[in-house]
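K.L.:
I have a structure here, written as structure tokens, and I will follow up with some questions on it.
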Amino acid sequence: MIASLSGLTTEFVATKINYGAVLPMLVVFGAAMIGVLVEAFAPRAVRYGAQVGVALVGLVAAFMAVVLAVGHQGSTLAGAVVIDGPALFLQGTILALSVLSVLAMAERFDGIGADAFTAQGAAAPGSPQESAAVRAGATTTEVFPLTMFAIGGMLLFPAAGDLLTMFVALEVLSLPLYILSGLASRRRLLSQEASLKYFLLGAFSSAFFLFGAALLFGYSGSMDLGVIAKAIGTQSGMDGLLVPGVLLVLVGLLFKIGAVPFHSWTPDVYQGAPTPVTGFMAACTKVAAFGAILRFVYVGVGDSRWDWAPALWAVAILTMVVGAVLSITQTDVKRLLAYSSIAHAGFVLTGLLAFDRVGVSSVMFYVVAYGFSTIAAFAIVSLVRDGGSEATHLSQWAGLGRTHPIVAGAFAFLLLAFAGIPLTSGFTAKFAVFSAAIGHGATPLAVVGVLASAIAAFVYVRVIVLMYFTESGGDSVRVVPPSILTSAAVTIGVAMTLVLGVVPAPLLDLASRSALFLR
Amino acid sequence: MTSGGEAVLFWILAPVSVLGALGLLLVRKAVHVALGMAVVMINLGIFYIAQNAEFLGIVQIVVYTGAVMMLFIFVLMLIGVDSSDSLVETIKGQKIAGLLLSTGLGVALFAAIGSATFASPIGLKEVNAGGNITGMAVLIFGKYVWAFEVTSALLITAALAAMVLAHRERLTPRPTQRQWSERRFQVGKNLAGLPAPGVYARRNAVDTPALLPDGTPSEASVPRVLTAREQVNDPEPYAGAERAIEREIEEGTNR
């Protein structure tokens, strides 16, 4: 960077922007800003429809822009944004999963606003102000522009070519998520606690990321991943900056995927956040964060991996084992799925640690498969109600298979996918990451992974047994008939889980064709 | 260390900022913590300026010490200057475990970074050739223009979030004076409005109730919120003092 600045006293040359390559991000941010304007100027009655429309149209348009951007691949904005195969694949994934998430978030059953979100975020839980807001028909339609901003950050995260852009993307995707977590319409104190916890720990992990980025800047004299990679071969005597720098940046990134020991926020936040938001976080944030880790590790610091990969091995093993073992003791469906998501993060890390092109494609396939299943699973959780609130305690799910066979059947199928049973996407995905790990010297990780899957499978089967072979405790638990929105989200999620299990070849092929990072 | 003057500056200010940083951790009162933070921030600003990064130094002082610290102090004023954190451990052994782990991390980082051999610093002379601020501008609007633009999304999110979490939109029209009055007559209570708080010779604040004809304090004359917070004053001393003065005056006239 310093070298490139020496001749700058003459005249400022504007950075070239390849608009075709950044169009998806521009569309999403544009839709978010239109959403803000709708919030400011549209009358309350039309806001819900307008916001959902703007969000969905924006996401579909951005997806098409991703398809168009295939012809605009390359590094743009002086290397700050790199649009290559993995970036485009993950951006497309994020957008597709976001459509499902927005559909689930927009569910309003027979109410006036999105059902999962509070009528007025500023009203104290249980206060007269809150009930007045509910009576007056207030809705928090701001959640849609907030979601769009988060999606915009997620699109940039795996495409960031330098650590500064990556950090800005990390903040842009995180800040709306902190707010969204705190806006649940029921059990609001739990939701607000989750939001605050996520915010504080997220800020903490961002500080780690920044500290690491500063050390890597000290090491290589640049924030650029490419320059850092070059410096690893030539710079000598500065490993004292490199290794801590890499590890600290990884702490910031691993926090986002909920890897052990940076996972402690996951169960609380997944439980407290509105259920569709939990699905959104579990699917899309993981996709974006794994994209960023892939780019950082494969493009940036991969050549020095002998120094820090053992730490990542330890994290992967801990993540799989702790996630699987702790999910046994859970009694709450959302917490169970949270620990399951931790275990899945560990499985994906084994693919990442293959340090090969196959590793990249297996990771990308895994996050797609897991994303579709998890959004559908959380959407189903939001349908099972006891009285007015969600019946998240496991005992309330007893006998659901008899009273509501279709919903319970779909959930059981998704659980089988999480367990990795053949003919579901979970099996193909697990097979891909484990075979990548075995093929490239990470066999112990794959062995631990298989054992952890077996433990996790026990948990999922227990839930299925509970739903089908246990007498229901009471008849107050029922499934609320969903509208077309949630039905579509669940149907697409379940269908993708089945399709990727039966005919995974096209997507695996696409993933392996787009697995090459631009350096 | 490039020059002797810079070394002197560093060795004077570095201990001061370390003391300020330690104060952040060890001092109990929130205002003192804020002051400690301000000391650290100002020192950092001076360090930046000493290292040829004038713009960064000024921004550090203006933004952090000026704006952020002022917000910090405002928040302290709102929640009460006297409030201090509860130091009760909710998880047993957390303090010791945290201390051990953070010391371990600190030692590991010190050892690792200390073992690095640094090349001679390039310095900012070259970058600052066209002026410090010009150099910054070239970076912000050149290479990092995308990060700069995307930061605006962050600011909009922050504004939106503040509105969502803190703005209580009025959902029903505010009743007018006339409507209040009509409502009082319909109910048939407090026709002339609620009584005003007590006015005494030595106090006329809203937290001191007025006295009813029989001498008891009227609860209706103080705001509900103060009653709920138990911040209502006892009017007896003020009323008593007033009665004493009245008595003295009366006795004086009798004499």
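K.L.:
So, in segment A:157-167, exactly how many residues are within 7 Å of chain B (Cβ to nearest Cβ) and crowded, with 24+ Cβ neighbours inside 10 Å?
P.N.:
The total comes to 1.
K.L.:
Next question. Hey, any hits in segment B:136-156 for a residue that's surrounded by 13 or more Cβ atoms within 10 Å (Cβ to Cβ), more than 7 Å from chain A (Cβ to nearest Cβ), touching a residue at least 60 places away in the same chain (Cβ under 8 Å) and within 30 Å of A:V172 (Cβ to Cβ)?
P.N.:
yes
K.L.:
Another question, if that's okay. List the number of the failed condition for B:L154; all other conditions in (1) of a type outside the set (K, R); (2) closer than 28 Å to A:S127 by Cα; (3) part of a helix (DSSP H, G or I) hold.
P.N.:
For B:L154, the exception is condition (2).
K.L.:
Given the options A:V325, A:V297, name the one that is touching a residue at least 60 places away in the same chain (Cβ under 8 Å) and part of a helix (DSSP H, G or I).
P.N.:
Of A:V325, A:V297, the one residue that is touching a residue at least 60 places away in the same chain (Cβ under 8 Å) and part of a helix (DSSP H, G or I) is A:V325.
K.L.:
Go through segment A:10-24 and give me each residue that's out of contact with any His (no Cβ under 6 Å at 6 or more places or on another chain) and either in a loop (DSSP other than H, G, I, E, B) or more than 10 Å from chain B (Cβ to nearest Cβ) (or both).
P.N.:
A:T10, A:E11, A:F12, A:V13, A:A14, A:T15, A:K16, A:I17, A:Y19, A:L23, A:P24
K.L.:
Residues that are of a type in the set (D, E) and either surrounded by 17 or more Cβ atoms within 10 Å (Cβ to Cβ) or under 26 Å from the mean Cα position of the chain (by Cα) (or both): does segment A:30-50 have at least one?
P.N.:
Yes, some residue in segment A:30-50 is of a type in the set (D, E) and either surrounded by 17 or more Cβ atoms within 10 Å (Cβ to Cβ) or under 26 Å from the mean Cα position of the chain (by Cα) (or both).
K.L.:
Could you grab me the full set of residues in segment A:120-151 that are surrounded by fewer than 24 Cβ atoms within 10 Å (Cβ to Cβ), among the aliphatic types (A, V, I, L, M) and facing chain B (nearest Cβ under 7 Å)?
P.N.:
Within segment A:120-151, A:A122, A:A123, A:A132, A:A133, A:A136, A:A138 qualify.
K.L.:
Would you mind finding the one in A:W306, A:W265 that is away from chain B (no Cβ under 14 Å) and without any contact (Cβ under 8 Å) to a residue 60 or more places away in the chain?
P.N.:
Being away from chain B (no Cβ under 14 Å) and without any contact (Cβ under 8 Å) to a residue 60 or more places away in the chain holds for just one of A:W306, A:W265, which is A:W306.
K.L.:
OK, next. Those residues that are in contact with a strand residue (DSSP E or B) (Cβ under 9 Å, 6 or more places away or on another chain) and more than 30 Å from A:A21 (Cβ to Cβ), I need them from segment A:473-519; list them, please.
P.N.:
Scanning segment A:473-519 gives A:G474, A:S476, A:V477, A:R478, A:V479, A:V480.
Per-residue answers, yes or no, for (1) modelled with pLDDT under 95; (2) touching a Lys or Arg at 6+ places or on another chain (Cβ under 6 Å); (3) crowded, with 16+ Cβ neighbours inside 10 Å:
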site	(1), (2), (3)
A:L466	yes, no, yes
A:S472	yes, no, yes
A:S476	yes, no, no
A:P481	yes, no, no
A:I484	yes, no, no
A:A488	no, no, yes
A:G493	no, no, yes
A:T497	no, no, yes
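K.L.:
Within the set of pairs 6 or more residues apart or between chains, which connect a residue that is in a helix (DSSP H, G or I) inside segment A:478-506 to a residue that is surrounded by fewer than 14 Cβ atoms within 10 Å (Cβ to Cβ) and not acidic (D, E) with Cβ atoms less than 8 Å apart?
P.N.:
Within 8 Å, the pairs are A:G501/A:P422.
K.L.:
Considering only residues that are outside any helix (DSSP H, G or I) and either facing chain A (nearest Cβ under 8 Å) or not basic (K, R) (or both), which ones fall in segment B:112-135?
P.N.:
Across segment B:112-135, the qualifying residues are B:A116, B:T117, B:F118, B:A119, B:S120, B:P121, B:I122, B:G123, B:L124, B:E126, B:G131.
K.L.:
Which condition breaks for A:I375 when tested against (1) in a helix (DSSP H, G or I); (2) touching a Lys or Arg at 6+ places or on another chain (Cβ under 8 Å)?
P.N.:
Unmet for A:I375, out of (1) in a helix (DSSP H, G or I); (2) touching a Lys or Arg at 6+ places or on another chain (Cβ under 8 Å): (2).
K.L.:
A:L183: surrounded by 22 or more Cβ atoms within 10 Å (Cβ to Cβ), touching a strand residue (DSSP E or B) at 6+ places or on another chain (Cβ under 7 Å) and farther than 26 Å from A:L318 by Cα, yes or no?
P.N.:
Yes.
K.L.:
Tell me which helices (runs of 4 or more DSSP H) are completely within segment B:1-98 and hold 3 or more residues being at pLDDT 85 or above, in contact with a Leu (Cβ under 7 Å, 6 or more places away or on another chain) and not polar (S, T, N, Q), or say none if there are none.
P.N.:
In segment B:1-98, B:30-50 are the helices (runs of 4 or more DSSP H) which contain 3 or more residues that are at pLDDT 85 or above, in contact with a Leu (Cβ under 7 Å, 6 or more places away or on another chain) and not polar (S, T, N, Q).
K.L.:
Filter segment A:51-78 down to the residues that are more than 14 Å from every other protein chain (Cβ to nearest Cβ) and either charged (D, E, K, R) or not in a helix (DSSP H, G or I) (or both), then identify the one that is surrounded by the most Cβ atoms within 10 Å (Cβ to Cβ).
P.N.:
Residue satisfying both the conditions and the ranking: A:Q73.
K.L.:
Moving on to the next point. For segment B:169-192, which positions are within 24 Å of A:Q129 (Cα to Cα), in a loop (DSSP other than H, G, I, E, B) and not polar (S, T, N, Q)?
P.N.:
Of everything in segment B:169-192, those that are within 24 Å of A:Q129 (Cα to Cα), in a loop (DSSP other than H, G, I, E, B) and not polar (S, T, N, Q) turn out to be B:E169, B:R170, B:L171, B:P173, B:R174, B:P175.
K.L.:
Still on this structure, I have one more. From the list A:M105, A:M154, which residue is more than 10 Å from chain B (Cβ to nearest Cβ), closer than 19 Å to B:V164 by Cβ and not acidic (D, E)?
P.N.:
Exactly one residue qualifies, and that residue is A:M105.
The values are calculated or read from the model by the stated rules, or taken from the named source; none is laboratory data. Here the structure is a predicted model, which means the values were calculated and not measured. Don't worry about glycine lacking a Cβ; one is built from the backbone with ideal geometry, like all the others, and counts go over all protein chains shown.
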